[in-house]
Each structure stands twice: as C-alpha cells, then as structure tokens.
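I have placed the structure first, in the form of structure tokens, so that the comments after it can refer back to it.
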Amino acid sequence: MALDTIKEFFHASGNGLKKTFLGKSPELQSLRYALSLYNQTTDTLIKTFVSTHTSRGKLSQEDALGEVSVQVDLLTHSVTGRHKVTVTVVAANDLKWRTTGIFMPFVEVHLVGPYLFDQTRKHSTKSKNNNWSPKFNESFDFILGMADYDSFELHICIKDYCFAREDRLIGMSVMQLRDIGEKGTSACWWTLGRRVFLDETGWTVLRILSQRTNDEVAKEFVKLKSECRHIEDVS
C-alpha cells in the first residue's frame with residue numbers, strides 16, 4: 001500500500017513519471033524489497049542476513065589486527081539428524097593492541113543463525129596475561145538442531161578482558177558454515193578485522209531488528225554485528 005502511494009505520487013495522474021518506468025525503477029525495486037523485510041520474523045531476518053550475499057561475511061580490513069587459529073568440526077547424528085558444531089580455539093598470533101594496563105586477551109565464539117533462541121549461542125575462552133600470541137586450545141560445542149548449515153555462521157571476537165569496565169574489542173572474524181561444505185571439518189588461520197562489512201540488505205536487517213527492543217535475540221544480534229574495534233587504551 002505504501003509503495004503504491006509513492007508510485008501514484010510520482011506518476012501524478014499521467015503528468016509525472018510513466019508507470020512503466022516506475023515499475024522498472026531500481027530504487028523502487030529496492031524499496032519494495034526493504035518493505036517486504038519489515039514483516040518477517042527475527043529468525044527469518046537473521047537467516048536472510050547470513051544466507052544472502054557472501055560479501056557480507058567479509059571483514060573491513062583497513063589493516064590486519066592479528067589472526068586466530070580455529071578448527072571447526074561438523075557432525076550430524078545418524079538417527080536424530082541433529083547437527084553439532086565443535087569449535088576449537090587453538091591460538092592467536094600477532095595481536096595489534098596497545099594498553100597501559102595488563103593485557104588479558106580472550107576469544108569469544110558466537111553461533112549466528114535462526115532458531116537458536118533456546119540454545120547456547122556464545123562461548124568464551126579463559127583470558128591470558130600479557131601475551132600477544134596466546135595459546136588457548138579450548139573446545140566448545142554448539143547444537144543447531146536440524147536446520148541447514150547454510151543459514152549459520154561463526155562470529156569470532158578477540159577482546160581484552162577488563163575487570164571494572166566493558167571488555168575491549170581487538171578484532172573479529174567470520175566463518176560461514178556452508179564454506180566447510182561436505183568436508184565436515186576446517187582448520188585454518190583467520191585474519192582479524194576492525195568490523196564486519198555490511199551491504200544494503202545487511203544494514204536494512206539491522207535497522208529493522210534494532211527497533212525490536214523487547215526481543216533479546218534481535219538486540220544481541222544487532223550489538224554483535226554493529227560492534228567495531230575499540231580505541232586503544234594508551235595515553
């Protein structure tokens with residue numbers, strides 16, 4: 001209804017733009033798609049965010065902020081069909097972070113995708129003291145249920161633990177589970193970026209979810225995907 005009103009306004013009863021032009025206008029097609037997203041559930045929007053445009057998984061890498069070694073193993077139960085994701089955080093290397101206090105890096109691993117409201121969505125390693133290339137060797141399990149791997153990704157953050165204030169974000173990386181494919185396992189080093197790259201659809205999804213203030217899953221998702229590296233704690 002809102003889109004029809006806009007088209008009629010620009011058509012101006014035949015004195016404005018032609019309806020054939022309006023029907024093919026990329027701007028109106030983009031608006032039509034954006035409006036269609038507003039009526040979707042939080043789970044569907046998160047699924048859309050993860051599943052579309054592989055470029056969204058890329059990070060903004062003005063400069064490399066270090067790297068993290070992660071092994072991921074996918075397992076599907078032969079009887080129940082439920083999926084389990086085992087993530088082993090092996091180590092980090094060459095972390096770019098300056099601080100006047102004690103440096104206590106740790107890794108957060110988030111499972112992002114639909115239908116996880118009643119599942120564990122985040123695990124964290126123990127912190128290490130004053131080590132810019134720390135070894136962790138800690139493993140965590142996530143349960144997906146029977147949903148398709150294509151709708152899920154791992155969002156990995158490295159932070160500096162702070163006792164009396166918010167932990168400082170050093171860098172992040174994103175791994176889409178569909179990239180593991182039929183291999184079922186992946187072990188590699190992932191470059192840490194300053195923030196996650198968002199295309200037009202990504203920003204639209206975040207704007208919609210940011211308005212759902214009573215939805216804890218939506219608020220958690222928006223915070224995670226909006227985060228950017230903190231300013232270094234140096235004088």
Under a no-solvent Debye model with one identical scatterer per Cα of the stretch 121-162, what's log10 I(q)/I(0) at q = 0.15, 0.19 Å⁻¹?
-0.53, -0.74
Accessible solvent surface per residue of the stretch 85-228, calculated while the other protein chains remain in place, 1.4 angstrom probe, Å²
48 Å²
If we sort 197-209, 121-133 on the protection proxy, mean other Cβ atoms within 10 Å, highest first, what's the order?
197-209, 121-133
Under the Debye formula (equal points on every Cα, no solvent term), log10 I(q)/I(0) of the stretch 92-235 at q = 0.09, 0.13, 0.19 Å⁻¹:
-0.31, -0.65, -1.31
For the stretch 184-234, place one equal point scatterer on every Cα, skip the solvent, and apply the Debye formula. What is log10 of I(q)/I(0) at q = 0.19 Å⁻¹?
-0.79
Point-to-point label distance, Thr100-Ser226, nm (Cα→Cβ direction, 7 Å offset)
3.0 nm
I'd like the FRET efficiency for Ile143 and Leu35, computed as 1/(1 + (r/R0)^6) with the beta carbon distance as r and R0 of 41 Å, rounded to 0.05.
0.75
Which pairs, out of Lys128/Lys183; Lys84/Lys128; Lys47/Lys84; Lys96/Lys128, put more than 24 Å between their alpha-carbon atoms?
Lys128/Lys183; Lys84/Lys128
In the stretch 213-235, which residues have a backbone nitrogen under 20 Å from the label point lying 7 Å from Tyr161's Cα in the Cα-to-Cβ direction?
230, 233
Say each of Thr185 and Thr120 gets a label point 7 Å from the Cα, pointing the same way as Cα to Cβ; how far apart are those two points in nm?
2.2 nm
Scalar couplings 3J(HN,Hα) for the stretch 169-174 by Karplus 6.51 cos²θ - 1.76 cosθ + 1.60 (θ = phi - 60°), nearest whole Hz, x for Gly and Pro, are 7, 8, x, 8, 8, 10
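Put His77, His155 in order of accessible area, largest first, 1.4 Å probe: what do you get? All intermediate terms of the calculation are to be shown ahead of the outcome.
Values: His77 95, His155 0 Å².
The ordering from most to least exposed comes out as His77, His155.
The values are calculated or read from the model by the stated rules, or taken from the named source; none is laboratory data. Note that the structure is a prediction, hence the values are computed from the model and not measured. All Cβ positions, glycine included, derive from the backbone under ideal geometry; neighbour counts span all protein chains shown. Ligands, DNA and RNA are excluded from the accessible area calculation, which covers all protein heavy atoms including side chains. Shrake-Rupley method; radii C 1.70, N 1.55, O 1.52, S 1.80 Å.
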